[in-house]
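Reviewing the structure listed below.
The values are calculated or read from the model by the stated rules, or taken from the named source; none is laboratory data. Keep in mind that what you see is a predicted model, and the values were worked out from it rather than measured. Cβ placement follows ideal geometry from the backbone for every residue including glycine, while neighbour counts extend to all protein chains displayed.
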Amino acid sequence: MVLGIIQVVNYIVLIICVLVGVAFVTLLERKILGYIQIRKGPNKVGYMGILQPFSDAVKLFTKEQTVPTMSNFLVFYVCPICSLLVSLLVWVVVPYEMGLMSFNLSILFFLCCLSIGVYSTMVAGWSSNCKYSLLGSLRAVAQTISYEVSLALILLSFVMLIGGFSLELLNKYQSHFWFMLVSFPLSMVWFSSCLAETNRTPFDFTEGESELVSGFNTEYGAGGFALIFMAEYASILFMSVLFVIFFLGSSPCSVLFYLKSVMIAFIFVWVRGTLPRFRYDKLMYLAWKSYLPVAINYLVFFVGFKMFCFCLVYN
């Protein structure tokens, strides 16, 4: 009973830390984009604009929530909450080594959360009863499902290599060298698939402003928009952490782990400030004709390597 209460308290503290991290990632993004575009970015609220995220949060959550007349009200209202819930729930898979909720099937749990996230996007676009929202959500679903295949195969490659579904094993296997050194192309495929999975530039087709206004969240404003926004940035932060766990081998108990995660989050923003949006057919071509063969080849390579090591040990 006491252990359960401690785990719940730990998880609440984790959620608070993630939400504060999301706030400052948005500030980091606006600052970096400002300097890339030779301007200052937010610098008025607080010292050097450090309170700007909290000012934006107060503004969004105190605005009046508008609901389209023809929308499916209950579903329209609940979707942003579900989206944020899934983005926060997936954080339990990170191996904190302090008795939070580490379990042996964390990779499978991550894949389940990744798949569930598609539904909130799809239903949010459908429930708005707006053609722009619906088109944006359909694009998001097609894009997410396409890149999930590559992500799942890359995860399966590491499952074969480490012999388990727990992220804790990745820390043990990378105590002497990083997996990025032996699978650099795979790490680049993973990173760009994460960009597509989180709907970031150059794969932000869900909110192609030139043709879809704002994509699946066109009809959302005030608190609903803020929840979708927070879910997106929580996913970006989580993907940065996951990249570090898979390829840069640090334990969450070390300061270096968080420095690496911030570096990957910085690259997410840097890509946004540098690259133009892809064409949609090229996005799909990249997923099925380029990334899928690379992921399958690495999977076959890791299976062969594991079998070779097995035969070497037992013969």
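On the given criteria, is V255 surrounded by 19 or more Cβ atoms within 10 Å (Cβ to Cβ), among the β-branched types (V, I, T) and free of Cβ contacts under 8 Å to residues at least 40 places away in the same chain? Judged against the criteria, V255 is not a match.
A single member of S71, S175, S115, S166 is in a helix (DSSP H, G or I) and hydroxyl-bearing (S, T, Y), and it is S115. Collect the residues in the stretch 219-255 that are more than 30 Å from T62 (Cβ to Cβ) and over 15 Å from the mean Cα position of the chain (by Cα), keeping them in residue-number order. Correct list: F247, L248, G249, S250, S251, P252, C253, S254, V255. Residues that are free of Cβ contacts under 8 Å to residues at least 60 places away in the same chain and in a helix (DSSP H, G or I) were ranked within the stretch 265-285; the one that is surrounded by the most Cβ atoms within 10 Å (Cβ to Cβ) is Y285.
Condition check ((1) modelled with pLDDT of 85 or more; (2) surrounded by 17 or more Cβ atoms within 10 Å (Cβ to Cβ)) across all residues:
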position	(1), (2)
F177	no, no
L195	yes, yes
F203	no, yes
Y220	no, yes
E232	yes, yes
M239	yes, yes
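Whether any residue in the stretch 207-216 is crowded, with 19+ Cβ neighbours inside 10 Å, among the polar types (S, T, N, Q) and in contact (Cβ under 8 Å) with a residue 60 or more places away in the chain is what I want to check. Among the residues of the stretch 207-216, not one is crowded, with 19+ Cβ neighbours inside 10 Å, among the polar types (S, T, N, Q) and in contact (Cβ under 8 Å) with a residue 60 or more places away in the chain, which makes the answer no.
If the condition is being polar (S, T, N, Q), out of contact with any Ser or Thr (no Cβ under 7 Å at 6 or more places or on another chain) and in a helix (DSSP H, G or I), then the stretch 223-258 contributes no residue at all.
Of S183, S137, S150, S187, all but one fail to be farther than 29 Å from V303 by Cα and of a type in the set (G, A, S); the exception is S137.
Conditions tested, residue by residue: (1) farther than 19 Å from I81 by Cα; (2) at pLDDT below 85.
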residue	(1), (2)
M98	yes, yes
F103	yes, yes
L108	yes, no
C113	no, no
W126	no, no
N129	no, yes
S133	no, yes
Q143	yes, no
S146	yes, no
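Name the residue, out of T26, T62, T66, that is closer than 19 Å to G221 by Cβ, surrounded by 13 or more Cβ atoms within 10 Å (Cβ to Cβ) and polar (S, T, N, Q). Step by step, each of T26, T62, T66 is checked, and only T26 is closer than 19 Å to G221 by Cβ, surrounded by 13 or more Cβ atoms within 10 Å (Cβ to Cβ) and polar (S, T, N, Q). For the stretch 31-47, a residue qualifies if it is under 18 Å from F268 (Cβ atoms), surrounded by fewer than 17 Cβ atoms within 10 Å (Cβ to Cβ), of a type outside the set (G, A, S) and without any contact (Cβ under 8 Å) to a residue 60 or more places away in the chain, and exactly one does: Y35. Taking the stretch 123-162 as the range and being free of Cβ contacts under 8 Å to residues at least 60 places away in the same chain and within 17 Å of the chain's Cα centre (by Cα) as the test, the residues that pass are V141, T144, I145, E148, L151, A152, L155. Against the definition (touching a helix residue (DSSP H, G or I) at 6+ places or on another chain (Cβ under 7 Å) and surrounded by fewer than 16 Cβ atoms within 10 Å (Cβ to Cβ)), how does I116 come out, yes or no? Answer is yes for this residue. Every test in (1) within 24 Å of V86 (Cβ to Cβ); (2) β-branched (V, I, T); (3) modelled with pLDDT under 90 is passed by V244 save one, and that test is (3). Screening the candidates I6, I32, I12 for the property of being part of a helix (DSSP H, G or I) and at pLDDT 90 or above yields one hit, I32.
Restricting Y298, Y285, Y258 to residues that are aromatic (F, W, Y) and touching a helix residue (DSSP H, G or I) at 6+ places or on another chain (Cβ under 6 Å) narrows the list to Y298.
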